[in-house]
Amino acid sequence: RGRAREVLATVRDREDNRLGVEAMALLDAYGIETPAGEIVDSPERANEVAAGIDGDVVMKIVSPDVLHKSDIGGVAVGVADADVADTYEDLITRARNYQPDATILGVQVQEMVDLEDGVETIVGMNRDPQFGPLVMFGLGGIFVEVMEDTAFRVAPVSEPEAREMTEEIQSAPLLRGARGRDPVDLDAVIETIGRLSQLVTDFPAILELDVNPLVALPDADGGANVAAVDVRLTVD
Ligand code: ADP
Ligand code: MG
């Protein structure tokens, strides 16, 4: 909680009250698993960080002026070590082309998460004037955007309530392993909903928060079965 407070304190000094992946430490502080990674400010550092991560990496522009990174080509998935430095320059150029005076905090170099076996979910919160902090859960992509297939509970969300959320969405069968896929580790998803609920309960200054995607993975022996790959929040 102390560590989360420190992360939030750093934004108080900024003119912008929107945060992106630079706030991933906030999730870490609440035990929400995030892929290994770092935000770097040079192609050389990008190479060093990529070298320390197994396999290909994902690289993302980090800028408060770029809220939807992939919309401007600001996310490069599956970058081989040899292409890391070029990709760094490319991402910066894309952000500059999009908005010449954009504040660029750097480029995030992140471990790849296995989306083949995983299911992209969304866990979020916004403060409703009537109900207070509403925690949302749904599956990513068209399920949220087109079908509006989401479940809501008021924070703090209990474990049984979080479980209900994962069960009541129409796309729930996809979590249970439709079409011969392995079921995801639902307990890990439920625990994450609880942890996020605790975070927004402890910090009323967080006005909105979205983890999109939270990749839900099949139960593996050891290791994390969820990965918070992207985060976006607004603070008071
Ligand atoms: P944004 O939502 O701002 O466009 P994201 O960080 O969510 O940026 O990345 C966009 C998409 O790229 C994700 O929804 C996911 O499909 C893919 N992606 C992002 N990071 C990773 C990662 N570490 N491993 C695998 N896929 C990723
Ligand atoms: Mg995203």
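Remarks
- Test: residue in the stretch 128-136 that is within 14 Å of ligand 2 (Cβ to nearest atom), within 17 Å of the chain's Cα centre (by Cα) and either at pLDDT 95 or above or among the β-branched types (Val, Ile, Thr) (or both): no
- Restricting 229, 200, 189, 184 to residues that are open to solvent by less than 30 Å² (accessible area, probe 1.4 Å) and within 18 Å of residue 58 (Cβ to Cβ) narrows the list to 229.
- For the stretch 142-201, the set of residues classified as more than 19 Å from residue 217 (Cα to Cα), in contact (Cβ under 8 Å) with a residue 60 or more places away in the chain and either more than 18 Å from the chain's Cα centre (by Cα) or not assigned by TED's automatic domain parsing to the domain that holds residue 124 (or both) consists of 201 only.
- Each residue in the stretch 192-229 was checked for being under 17 Å from residue 25 (Cβ atoms) and more than 16 Å from ligand 2 (Cβ to nearest atom), and 9 pass.
- Failed condition for residue 138, given (1) closer than 19 Å to residue 188 by Cα; (2) surrounded by 15 or more Cβ atoms within 10 Å (Cβ to Cβ); (3) in contact with a Pro (Cβ under 9 Å, 6 or more places away or on another chain): (3)
- Condition check for residue 123: closer than 18 Å to residue 166 by Cβ and crowded, with 21+ Cβ neighbours inside 10 Å: yes
- Hey, residue 32 surrounded by fewer than 21 Cβ atoms within 10 Å (Cβ to Cβ), closer than 29 Å to residue 235 by Cα and either touching a His at 6+ places or on another chain (Cβ under 9 Å) or not assigned by TED's automatic domain parsing to the domain that holds residue 208 (or both) or not: no
- Residues satisfying the stated conditions in the stretch 55-69, i.e. open to solvent by 60 Å² or more (accessible area, probe 1.4 Å) and at pLDDT 95 or above: 56
- For the stretch 13-67, residues that are closer than 15 Å to residue 229 by Cβ, part of a loop (DSSP other than H, G, I, E, B) and of a type in the set (A, V, I, L, M, F, W, C) total 3.
- Any hit, the stretch 64-74, residues being farther than 23 Å from residue 209 by Cα and in contact with a strand residue (DSSP E or B) (Cβ under 8 Å, 6 or more places away or on another chain): no
- Matching option when the condition is under 20 Å from the mean Cα position of the chain (by Cα), more than 16 Å from ligand 2 (Cβ to nearest atom) and either among the small types (Gly, Ala, Ser) or modelled with pLDDT under 95 (or both), among 74, 31, 37, 52: 31
The values are calculated or read from the model by the stated rules, or taken from the named source; none is laboratory data. Since this is a predicted model, take the numbers as computed values, not measurements. Note that we place each Cβ from the backbone using ideal geometry, even for glycine, and neighbour counts take in every protein chain shown. Calculation scope for accessible area: heavy atoms of the full protein, side chains included, ligands and nucleic acids excluded. Shrake-Rupley method; radii C 1.70, N 1.55, O 1.52, S 1.80 Å.
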